[in-house]
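Visitor: Structure incoming, see below.
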Amino acid sequence: MAGLFSRIRKQGDEPAAAGRAPAAAVPIVPSDLARRVELLDSLEETGVGWFWASDAEGRMIYCSPAALAPFEIGPDELASRTINQMFEQERKEEGKGEGSARPLKFLLAARATLGPTPVRVKLGNGETWWEIAGKPRFAGDGSFTGYRGTARDITGTHEERRKAERASQYDSLTGLANRYRMSRQLEQTLKAFTHAKRSCALLMIDLDRFKQVNDTLGHPAGDELLKQVAARIRRVLGERIEIGRLGGDEFQVILPDHDDRGELGDIAQQLIQMASQPYSINGSRAVIGVSVGIAVAPYDGVEPEELTKAADLALYAAKGGGRGQHRFYSRDLRDQASFRHQIEQDLRDALVGEQLRMHYQPIVDAKTHEVACMEALMRWEHPERGMISPADFIPVAEEVGLIRELGTWALNEVCREAATWPGKVKAAVNVSAVQFAADDFVDIVRKALKSSRVDPARIELEITESVFMGDVERSQRVFAALKKLGVRLALDDFGTGYSSLSYLRDAPFDKIKIDQGFVRGCAGKDSNNLAIVAAVVSLADALRMETVAEGVETQDELAAVTRQGASHVQGILFSRAIPGEEALRRFEEGDLILTPRGPEKYRAERRTEFRRVGLIHGDHRYNVFLRNLSKTGAKIEGLLGVEVGTEIVLDLGGGQLAVAVVRRSEGAAQGVEFETPLISDGADGLCTRHRVSPYQIELAGKPLQALGDDPYAALMTMQNRTPKAFMEVQPN
């Protein structure tokens, strides 16, 4: 210990408080000094505490010998190192840990007091951690003379602390961030990005049909599935993206500096495609779906609660739209959420109140166009809201557990009505995966056949590929039992799931229905859909199964699928779904051969709309009505004398500005072509890739929080300005 005092004395240090002249010192008796030195020597030797010192240049001039012993380093080698060369502060992950502690290098440069700081000792090859503390020392003239400090070994407790800290922030099952960490990360990211005027996307991911995996294969299989899903998400997004599991089967992703909805849609589709492929779990095969909701700051919120709620609503809309979709947040979703809640309340009364009806869409022979089958489609006629789309109430029925009751009612109703039709016309009824998985499903079918006295061979059960998920042997037993009853089986929406071809070989299907996504536009020159249709038809022929091309809407599509050998066709080219009473009337009149009526050629889908939008030309803004909308253009009404070639901007609302050129003009109606095509919102809507940044609105003189639900409209009202001023401006 005497060595410490002598080396410090050589640096001209005085035993005084830092930065000020010593107070009246209490004389130290030699015996007291010797006792202190002895005590300090004993402390160093026990390893409970060590001492270190540096000179004014930051070079190490002393460290307790007991501390250096494991590294076999002497005073000369120690003197060649600075504090920063000997100690390395633990790196804090972004968003991790409390407070905003200054880094070690900053504190040393500022000659500030060092509080207890965990550091890694950069000596030897091992992983050794100390906790150091120190104070700067100053000479009588105020000049800095170096640091004097203490140290202790915390290697064992540090590793335990790191494990505990990780356990508090990461999901033990998947290794992803947990809800707490994701919440803090989002809060810190949004706070920093709002200040820097940067964007940030939030993705909410939910697994479809995960509960069925747990129920059929057990919870250990469910845990294994979650691990595999997490690994696939990592593979799509990369290791640097913050991904979290919030609990159950819900995941969250934070994507800094993303606001291009085209790119975000592509990312979401990659996640859906990758995560929806089959999983092998303990020798069993599981197939699930994935739904994704997307919200983007600052457009959809600048506070964590706002953005999270927006992403949740988008996810809810994606699941309600049929699952296996992505959806962007829009203000309309709040109204839809309220509407869905009301549907849930009213749906329980629909069955007992006789508000449900079955409509039927013909399936015709591809060559003769004679009606061969009628597909049953459920409709809900609400006493106050009128007709409610199945896309709105079927997902709700699945969520609240009413789908089995609805399915049982539909099966009995279809069997009852089909018994009154001509003997050669079959009836097809859709069966949900939840119905199929019920233990009493075969009994329900048997009772419906018996009570209606319909010929079982005239009833087709349309089953989607999702029924193959889970217990394969049970599925085969159910198929066998159904065939024993005499009913026919059809595989619906073929090609949209991931069922193995071995299921087609083993399952006794009578018919394969080619999903309309492959039929739509199949006659186009650059379409690969026709090759897919041909492959499915060839496969079905080899297995002696019928084929139905779904969703045929145009004459060229009908000709194309017929040339490829599809045995049956279904679509609005022949007929929309009609009420059961009308179907019976047609049959009684012998109206069994349908004439195809519809457009000659397929064109890009246009959405029929009727809503007011803004049209900007120069510095003027006009109100017009949007009639039709497609990815590449729109039809508008409301202005006279607009010349062909006029450049305009359409304000579609919510900061969506679309530059367009008038290509057709007739009276008060114009057809316009967009400079940049719109993109899908993940469901059945269209949106622009980019929006006017709220940051630019903020710069124009209005705080973000004061702009209300529609900041863009608020700004224009406030300043009587058009969106033109913001068209070319993008935040850095």
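Visitor: Taking Leu173, is it in a loop (DSSP other than H, G, I, E, B) and without any contact (Cβ under 8 Å) to a residue 60 or more places away in the chain?
Guide: So Leu173 fails the test.
Visitor: May I pose another question? Kindly indicate which of Asp439, Asp493, Asp443 is closer than 25 Å to Thr216 by Cα, modelled with pLDDT of 95 or more, acidic (Asp, Glu) and open to solvent by 20 Å² or more (accessible area, probe 1.4 Å).
Guide: Asp443 is the lone residue from the list that is closer than 25 Å to Thr216 by Cα, modelled with pLDDT of 95 or more, acidic (Asp, Glu) and open to solvent by 20 Å² or more (accessible area, probe 1.4 Å).
Visitor: What's the number of the condition Asp541 fails, among (1) open to solvent by 40 Å² or more (accessible area, probe 1.4 Å); (2) touching an Asp or Glu at 6+ places or on another chain (Cβ under 8 Å)?
Guide: With (1) open to solvent by 40 Å² or more (accessible area, probe 1.4 Å); (2) touching an Asp or Glu at 6+ places or on another chain (Cβ under 8 Å) applied to Asp541, the lone miss is (2).
Visitor: For Pro422, which of the numbered conditions (1) at pLDDT 95 or above; (2) closer than 24 Å to Pro579 by Cα fails to hold?
Guide: (1)
Visitor: Follow-up. Quick check on my filter: what residues within the stretch 237-247 are loosely packed, with under 15 Cβ neighbours inside 10 Å and touching a residue at least 12 places away in the same chain (Cβ under 8 Å)?
Guide: Gly247
Visitor: Give the number of residues within the stretch 274-289 that are open to solvent by 40 Å² or more (accessible area, probe 1.4 Å), part of a loop (DSSP other than H, G, I, E, B) and either touching a helix residue (DSSP H, G or I) at 6+ places or on another chain (Cβ under 6 Å) or touching a residue at least 24 places away in the same chain (Cβ under 8 Å) (or both).
Guide: Counting residues in the stretch 274-289 that are open to solvent by 40 Å² or more (accessible area, probe 1.4 Å), part of a loop (DSSP other than H, G, I, E, B) and either touching a helix residue (DSSP H, G or I) at 6+ places or on another chain (Cβ under 6 Å) or touching a residue at least 24 places away in the same chain (Cβ under 8 Å) (or both) gives 3.
Visitor: Restricted to the stretch 544-573, and to residues that are of a type in the set (Asp, Glu) and open to solvent by less than 50 Å² (accessible area, probe 1.4 Å), which residue is farthest from Ile512 (Cα to Cα)?
Guide: Asp556
Visitor: Identify all residues within the stretch 311-322 that are in a helix (DSSP H, G or I), more than 19 Å from Val287 (Cβ to Cβ) and touching a Lys or Arg at 6+ places or on another chain (Cβ under 9 Å); write none if there are none.
Guide: Leu313, Ala314, Leu315, Tyr316, Ala317, Gly320
Visitor: Quick one: in the stretch 60-87, of everything that is within 20 Å of Leu107 (Cα to Cα), open to solvent by less than 10 Å² (accessible area, probe 1.4 Å) and among the aliphatic types (A, V, I, L, M), which residue is farthest from the chain's Cα centre (by Cα)?
Guide: Met60
Visitor: Also, I was wondering about something else. Pick from Glu131, Glu127: which is closer than 27 Å to Pro65 by Cβ and modelled with pLDDT under 85?
Guide: Selected residue: Glu127, the only one of Glu131, Glu127 that is closer than 27 Å to Pro65 by Cβ and modelled with pLDDT under 85.
Visitor: Is there a residue being more than 15 Å from Tyr360 (Cα to Cα) and in contact (Cβ under 8 Å) with a residue 12 or more places away in the chain anywhere in the stretch 571-579?
Guide: No, that holds for no residue.
Visitor: Just to confirm my filter: which strands (runs of 3 or more DSSP E) fall fully inside the stretch 323-382 and include at least 3 residues that are open to solvent by less than 20 Å² (accessible area, probe 1.4 Å) and at pLDDT 95 or above?
Guide: Of the strands (runs of 3 or more DSSP E) lying wholly inside the stretch 323-382, those with at least 3 residues that are open to solvent by less than 20 Å² (accessible area, probe 1.4 Å) and at pLDDT 95 or above span 356-365, 371-382.
Visitor: Looking only at the stretch 174-195, which residues are aliphatic (A, V, I, L, M) and open to solvent by 50 Å² or more (accessible area, probe 1.4 Å)?
Guide: Selection gives Ala192 alone.
Visitor: Can you pull out every residue in the stretch 446-473 that is under 21 Å from Arg285 (Cβ atoms), assigned to a helix (DSSP H, G or I) and free of Cβ contacts under 8 Å to residues at least 40 places away in the same chain?
Guide: Val467, Glu473
Visitor: Residue by residue through the stretch 397-426, note down the ones that are surrounded by fewer than 18 Cβ atoms within 10 Å (Cβ to Cβ) and either touching a residue at least 60 places away in the same chain (Cβ under 8 Å) or within 33 Å of the chain's Cα centre (by Cα) (or both).
Guide: Glu399, Val400, Gly401, Glu405, Thr420, Pro422
Visitor: With the checklist (1) under 30 Å from Trp421 (Cβ atoms); (2) touching a strand residue (DSSP E or B) at 6+ places or on another chain (Cβ under 7 Å) in hand, flag the one item Leu347 doesn't pass.
Guide: With respect to (1) under 30 Å from Trp421 (Cβ atoms); (2) touching a strand residue (DSSP E or B) at 6+ places or on another chain (Cβ under 7 Å), Leu347 is out only on (2).
Visitor: Hey, among the residues in the stretch 612-624 that are within 16 Å of Val661 (Cβ to Cβ) and surrounded by fewer than 17 Cβ atoms within 10 Å (Cβ to Cβ), which one's modelled with the lowest pLDDT?
Guide: Selected residue: Gly618.
Visitor: Taking the stretch 383-401 as the region of interest, how many residues are touching a Gly at 6+ places or on another chain (Cβ under 8 Å) and either of a type in the set (Asp, Glu) or assigned to a strand (DSSP E or B) (or both)?
Guide: 1
Visitor: Now a separate question. Determine, yes or no, whether Gly641 is surrounded by fewer than 20 Cβ atoms within 10 Å (Cβ to Cβ) and either modelled with pLDDT of 90 or more or touching an Asp or Glu at 6+ places or on another chain (Cβ under 7 Å) (or both).
Guide: Considered against the rule, which asks whether it is surrounded by fewer than 20 Cβ atoms within 10 Å (Cβ to Cβ) and either modelled with pLDDT of 90 or more or touching an Asp or Glu at 6+ places or on another chain (Cβ under 7 Å) (or both), Gly641 comes out as no.
Visitor: Looking at (1) among the hydroxyl-bearing types (Ser, Thr, Tyr); (2) surrounded by fewer than 17 Cβ atoms within 10 Å (Cβ to Cβ); (3) under 29 Å from the mean Cα position of the chain (by Cα), which is the one condition that is false for Ser466?
Guide: (2)
Visitor: Evaluate the following for Leu225: is it open to solvent by less than 20 Å² (accessible area, probe 1.4 Å) and out of contact with any Gly (no Cβ under 9 Å at 6 or more places or on another chain)?
Guide: It is true that Leu225 is open to solvent by less than 20 Å² (accessible area, probe 1.4 Å) and out of contact with any Gly (no Cβ under 9 Å at 6 or more places or on another chain).
Visitor: If the Cβ limit is 7 Å and pairs must be 6+ apart or interchain, which residue in the stretch 322-337 that is over 14 Å from Val292 (Cα atoms) pairs with which residue that is at pLDDT below 70 and open to solvent by 40 Å² or more (accessible area, probe 1.4 Å)?
Guide: Arg331/Asp709
Rundown of residues vs (1) within 23 Å of Leu640 (Cα to Cα); (2) open to solvent by less than 80 Å² (accessible area, probe 1.4 Å); (3) out of contact with any Cys (no Cβ under 6 Å at 6 or more places or on another chain); (4) modelled with pLDDT of 90 or more, yes/no style:
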position	(1), (2), (3), (4)
Ser575	no, yes, yes, yes
Ile578	no, yes, yes, yes
Glu582	no, yes, yes, yes
Ile593	no, no, yes, yes
Glu605	no, no, yes, no
Phe610	yes, no, yes, no
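Visitor: Please go through the stretch 206-263 and pick out each residue that is polar (S, T, N, Q), within 15 Å of Val287 (Cα to Cα) and at pLDDT 90 or above.
Guide: Correct list: Gln228 only.
Visitor: State the number of residues belonging to the stretch 659-714 that are in a helix (DSSP H, G or I), within 14 Å of Pro298 (Cβ to Cβ), modelled with pLDDT under 60 and out of contact with any Lys or Arg (no Cβ under 8 Å at 6 or more places or on another chain).
Guide: Residues in the stretch 659-714 being in a helix (DSSP H, G or I), within 14 Å of Pro298 (Cβ to Cβ), modelled with pLDDT under 60 and out of contact with any Lys or Arg (no Cβ under 8 Å at 6 or more places or on another chain): 4 in total.
Visitor: Could you please give the count of residues in the stretch 654-679 that are open to solvent by less than 40 Å² (accessible area, probe 1.4 Å) and touching a residue at least 60 places away in the same chain (Cβ under 8 Å)?
Guide: 4
Visitor: Considering only residues that are in a helix (DSSP H, G or I) and either modelled with pLDDT of 90 or more or in contact with a Phe, Trp or Tyr (Cβ under 7 Å, 6 or more places away or on another chain) (or both), look in the stretch 138-161 and name the one that is nearest to Glu127 (Cα to Cα).
Guide: That would be Thr155.
The values are calculated or read from the model by the stated rules, or taken from the named source; none is laboratory data. Just so it is clear, the structure is predicted and the values come from calculations on it, not from any experiment. All Cβ positions, even for glycine, are placed from backbone atoms using ideal geometry, and neighbour counts span all protein chains on display. Note: accessible area is taken over every heavy atom of the protein model, side chains too, but ligands, DNA and RNA are not part of it. Shrake-Rupley method; radii C 1.70, N 1.55, O 1.52, S 1.80 Å.
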